[in-house]
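Structure first, then comments.
The values are calculated or read from the model by the stated rules, or taken from the named source; none is laboratory data. As the structure is a computational prediction, the values presented were derived from the model and not from experiment. Reconstructed Cβ throughout: ideal geometry from the backbone, glycine too, with neighbour counts over all protein chains shown.
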Amino acid sequence: MIGLSWMVLLAGLAPMGATSSSGPSVPGVEAGPGGHAAFPLQDTALAPAGVAAWLSSLPVDEGVAREMGRFTASRTVLPSDYTRALPDWIRQDIARRVQSALEGIQARGCTPSVVADYPGKGFSGLGEGAGVVEDFENSFVLTEMVACFPGTSADPESALRTYTDPEFRMEAEGRIEEIVSESGLSCVQTGGVPLLMDPSRACNRITELVEGAVASQHSQVVRGDPADRFQPIYFKESVKTFVRTPEGLALHYVNYTRTMNLGGLAKRVGRGKIEEGQRAQADLLAKRLSAGG
């Protein structure tokens, strides 16, 4: 079967509970240190550097390297120093992308965009010369989106709650079969597509920052299901950030995903499917927000 990362990616947004300075604790979601967001943000400013610093401060769960360690190419596993270094590299790149996007929204206003890309072999600059590393990096998918919601009266936190609510996720992506909390993790199971891909099941550790004009959720796969009937998810990390703008709300979404190997045809088809899926989810969210959630 051919595993297409875009299908896992679109199904991968985790459910939102919230533990923040303004909400109760819900299983599967963690807050910043002390039960509150670590970097207070003013209602009148976006403070993009504060959001990036919060992301950079989050520890990398040991389960991330463990899931990467399941990957093999020509019976060779990834070097242990690489499985430790790559998650840090991606985390810093995500933080940089979030800060840059929020600074752009702050300076120039919200302009919608969505880009799905394949960083390709050697994108991290780590593990140079190792064939297994090149094979691993060759099938990464990087997705980045900005969506704009002018005229909405919803606040960033309520928009994030709607966007990551299980019911919304299941409507937005029909392949999701189950979203449950297990041992403090948010676990998502998706159905397969006959002759195309296997089903998937993975558990995410979720952490939130909710303060004033910003609501952000970090999600990362830390445990997969090794059963043969599930396709592996070797790596997945995403950040969803809603910010208040003079016109309404803006959403920035960034996601790195590595599932099964992708050939040229799968990449060409996948790019369009990812971008189409992200736009459809943004359109559905706009309808929900205009209807009051």
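Have a look at 181, 216, 290, 238 and point out the one that is surrounded by fewer than 23 Cβ atoms within 10 Å (Cβ to Cβ) and within 21 Å of residue 60 (Cβ to Cβ).
Sole residue among the options that is surrounded by fewer than 23 Cβ atoms within 10 Å (Cβ to Cβ) and within 21 Å of residue 60 (Cβ to Cβ): 238.
Within segment 163-178, track down each residue that is buried (at least 20 other Cβ atoms within 10 Å of the Cβ) and either among the hydroxyl-bearing types (Ser, Thr, Tyr) or out of contact with any helix residue (DSSP H, G or I) (no Cβ under 9 Å at 6 or more places or on another chain) (or both).
Hits for segment 163-178 are 163, 164.
Please tell me if residue 129 is at positive phi and in contact (Cβ under 8 Å) with a residue 12 or more places away in the chain.
no
Does any residue of segment 94-106 turn out to be closer than 16 Å to residue 215 by Cβ and small (Gly, Ala, Ser)?
yes
Report every pair of residues separated by at least 6 positions or lying on different chains whose Cβ atoms are under 6 Å apart, first residue within segment 160-181 and over 15 Å from residue 204 (Cβ atoms), second surrounded by fewer than 17 Cβ atoms within 10 Å (Cβ to Cβ) and at pLDDT below 90.
Between residues of segment 160-181 that are over 15 Å from residue 204 (Cβ atoms) and residues that are surrounded by fewer than 17 Cβ atoms within 10 Å (Cβ to Cβ) and at pLDDT below 90, the close pairs are 162/293; 175/191; 177/191.
Answer yes or no as to whether residue 193 is closer than 16 Å to residue 259 by Cβ and surrounded by fewer than 18 Cβ atoms within 10 Å (Cβ to Cβ).
Judged against the criteria, residue 193 is a match.
Okay, residues lined up against (1) modelled with pLDDT under 95; (2) surrounded by fewer than 21 Cβ atoms within 10 Å (Cβ to Cβ); (3) under 30 Å from residue 130 (Cα atoms):
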| site | (1), (2), (3) |
| --- | --- |
| 40 | yes, yes, no |
| 74 | yes, yes, yes |
| 97 | no, yes, yes |
| 112 | no, yes, no |
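Which condition number does residue 247 fail, the rest of (1) among the acidic types (Asp, Glu); (2) surrounded by 21 or more Cβ atoms within 10 Å (Cβ to Cβ); (3) touching a Cys at 6+ places or on another chain (Cβ under 8 Å) being met?
(2)
Can you confirm whether segment 131-145 contains a residue that is in contact with a helix residue (DSSP H, G or I) (Cβ under 6 Å, 6 or more places away or on another chain) and more than 19 Å from residue 64 (Cβ to Cβ)?
Yes, there is a match, as at least one residue in segment 131-145 is in contact with a helix residue (DSSP H, G or I) (Cβ under 6 Å, 6 or more places away or on another chain) and more than 19 Å from residue 64 (Cβ to Cβ).
Does at least one position in segment 254-270 carry a residue that is more than 29 Å from residue 66 (Cα to Cα), surrounded by fewer than 20 Cβ atoms within 10 Å (Cβ to Cβ) and touching a helix residue (DSSP H, G or I) at 6+ places or on another chain (Cβ under 9 Å)?
Yes; the residues of segment 254-270 include at least one that is more than 29 Å from residue 66 (Cα to Cα), surrounded by fewer than 20 Cβ atoms within 10 Å (Cβ to Cβ) and touching a helix residue (DSSP H, G or I) at 6+ places or on another chain (Cβ under 9 Å).
What number of residues within segment 200-250 satisfy the criterion of being part of a strand (DSSP E or B), of a type in the set (S, T, N, Q) and either closer than 15 Å to residue 147 by Cα or modelled with pLDDT under 95 (or both)?
3
When you look at residue 231, is it touching a Gly at 6+ places or on another chain (Cβ under 8 Å), touching a residue at least 40 places away in the same chain (Cβ under 8 Å) and crowded, with 23+ Cβ neighbours inside 10 Å, yes or no?
In short, yes.
Can you go through 65, 107 and tell me which one is surrounded by 14 or more Cβ atoms within 10 Å (Cβ to Cβ) and either at pLDDT 95 or above or among the small types (Gly, Ala, Ser) (or both)?
Testing whether each residue is surrounded by 14 or more Cβ atoms within 10 Å (Cβ to Cβ) and either at pLDDT 95 or above or among the small types (Gly, Ala, Ser) (or both) leaves just 65.
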